[in-house]
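Presented below is the structure to which this report refers.
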Amino acid sequence: MSSKAQKMELNDGHSIPVLGFGTFVTEEHLKKKSMESTKIAIDVGFRHIDCSHFYQNEEELGQAIRSKIEDGTVKREDIFYTSKLWSTCHRPELVRPSLESSLRKLKLDYVDLYLIHFPVSLKAMEKCKDAGLAKSIGVSNFNRRLLEMILKKPGLRYKPVCNQVECHPYLNQSKLLDYCKMNDIILVAYGALGTQRYKNCTNEDTPVLLEDPVLCAMAKKYKRTPALIALRYQLQRGIVVLAKSFNEEHIRENMQVFDFELASDHMKILDGLDRNLRYFPADIFKAHPNFPFCDEY
């Protein structure tokens, strides 16, 4: 099976490519870079692009996607595009205008997946799906308690297709993964390679995941990079994984994740690296009653 064809079915009948391209940028001057790197990603075979209103680069990503449609590399239906509703727009009357604003910036008719970015408010986005503006709807950064609140909501018409959370060998989310699988919700991993130590986002004293001696020794054994081992680990657990890079060589290299498999005893060794370490603790939301990172999972 070619890498482009590797997808997982969502609980609403649509499907999601298992390897996605992350596009988060923190600085204005990197926006142009995100356009160039997205073009490269599509050229080398990425078909799942993950973005958000909060990243403020949807205009650039729209240009990248449209240029690859115009030059014949892909058709719109080949691309799986995810956007996210930011926390200031959860009031029901703001949800659709927020999505329409993203679509205007992108110059696209619909997104394939629309997520609630951060659970500091819980309002359904079902009308956006009904209107065809989003093919699927899901959530991000939800723990088990918050997922249960949604799943038990009276009159729920569409359950979330996925939950996008920070997930890597130092925070393997095994209990949340089991809960999501049990409820037919796909786990999507961001921060899968650790972090690029964004100012104001991450704790700069945390260990660098890709320098972990166990990960590096395993990379040597498989003649792969530590990044590829970390990505492959997630795919074999049944997780959709996002890989972000501005470096052309790394973007190309990340597609090699489909070229090898980790032995089950090596998967167990990687399970053992878990230390419940968050690179993105989101402390600015700590005081909110729905803050998701204080429960066990």
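Would you point out the residue of the range 231-266, among those that are in contact with a Gly (Cβ under 8 Å, 6 or more places away or on another chain) and aliphatic (A, V, I, L, M), that is surrounded by the fewest Cβ atoms within 10 Å (Cβ to Cβ)?
If we take residues in the range 231-266 being in contact with a Gly (Cβ under 8 Å, 6 or more places away or on another chain) and aliphatic (A, V, I, L, M), then MET255 is surrounded by the fewest Cβ atoms within 10 Å (Cβ to Cβ).
Given the conditions (1) part of a loop (DSSP other than H, G, I, E, B); (2) at pLDDT 95 or above; (3) open to solvent by 40 Å² or more (accessible area, probe 1.4 Å), and given that LEU273 satisfies all but one, which numbered condition is not satisfied?
Among (1) part of a loop (DSSP other than H, G, I, E, B); (2) at pLDDT 95 or above; (3) open to solvent by 40 Å² or more (accessible area, probe 1.4 Å), the lone unmet condition for LEU273 is (3).
So if I check each of ALA219, ALA134, which one is without any contact (Cβ under 8 Å) to a residue 24 or more places away in the chain and open to solvent by less than 10 Å² (accessible area, probe 1.4 Å)?
Working: ALA134 fails: without any contact (Cβ under 8 Å) to a residue 24 or more places away in the chain.
Result: ALA219 is the single residue among ALA219, ALA134 that is without any contact (Cβ under 8 Å) to a residue 24 or more places away in the chain and open to solvent by less than 10 Å² (accessible area, probe 1.4 Å).
Which of the residues spanning the range 142-169 are more than 18 Å from TYR114 (Cα to Cα) and surrounded by fewer than 22 Cβ atoms within 10 Å (Cβ to Cβ)?
Passing the criteria: ARG144, ARG145, GLU148, MET149, LYS152, LYS153, PRO154, GLY155.
Within the set of pairs 6 or more residues apart or between chains, which connect a residue that is farther than 21 Å from SER140 by Cα inside the range 230-249 to a residue that is aliphatic (A, V, I, L, M) and open to solvent by 30 Å² or more (accessible area, probe 1.4 Å) with Cβ atoms less than 7 Å apart?
Pairs that qualify, where the first residue is farther than 21 Å from SER140 by Cα and the partner is aliphatic (A, V, I, L, M) and open to solvent by 30 Å² or more (accessible area, probe 1.4 Å), are GLU248/ILE40.
Conditions: (1) open to solvent by 30 Å² or more (accessible area, probe 1.4 Å); (2) at pLDDT 95 or above; (3) in a helix (DSSP H, G or I); (4) of a type in the set (A, V, I, L, M, F, W, C). LEU94 meets all but one. Number of the miss?
Failed condition: (2).
List the residue pairs whose Cβ atoms are under 8 Å apart, where the first residue sits in the range 26-48 and is within 13 Å of SER245 (Cα to Cα) and buried (at least 21 other Cβ atoms within 10 Å of the Cβ), the second is among the aliphatic types (A, V, I, L, M) and at pLDDT below 90, and the two are 6 or more positions apart or on different chains.
What qualifies is SER34/VAL25.
What residue, among those in the range 27-79 that are among the polar types (S, T, N, Q) and not in a helix (DSSP H, G or I), is modelled with the lowest pLDDT? Steps first, answer last, please.
So the first thing to find is which residues in the range 27-79 are among the polar types (S, T, N, Q), and the list is 34, 37-38, 52, 56-57, 63, 67, 73.
From the residues that got through so far, the ones that are not in a helix (DSSP H, G or I) too are 52, 56-57, 73.
Details: SER52: 85, GLN56: 81, ASN57: 88, THR73: 98.
So the residue we want is GLN56.
Just one of LEU103, LEU99, LEU85 is surrounded by 13 or more Cβ atoms within 10 Å (Cβ to Cβ), in contact with a Phe, Trp or Tyr (Cβ under 8 Å, 6 or more places away or on another chain) and modelled with pLDDT of 95 or more; which is it?
LEU103
Just to be sure before I move on: is LYS175 in contact with a Lys or Arg (Cβ under 8 Å, 6 or more places away or on another chain) and at pLDDT below 90 in the structure I sent?
no
Out of LEU210, LEU228, I need the residue that is open to solvent by less than 10 Å² (accessible area, probe 1.4 Å), assigned to a helix (DSSP H, G or I) and at pLDDT 95 or above. Which one? So that I can check it myself, show each step before the final result.
On the way: LEU210 fails: open to solvent by less than 10 Å² (accessible area, probe 1.4 Å).
Just a single option satisfies the conditions, and that option is LEU228.
Looking at this structure, is LYS199 at pLDDT below 90 and among the charged types (D, E, K, R)?
So LYS199 fits the description; yes.
The values are calculated or read from the model by the stated rules, or taken from the named source; none is laboratory data. All of these numbers come straight from a predicted model, not from anything done at the bench. Reconstructed Cβ throughout: ideal geometry from the backbone, glycine too, with neighbour counts over all protein chains shown. We work out accessible area using only protein heavy atoms, side chains counted, and drop any ligands, DNA or RNA first. Shrake-Rupley method; radii C 1.70, N 1.55, O 1.52, S 1.80 Å.
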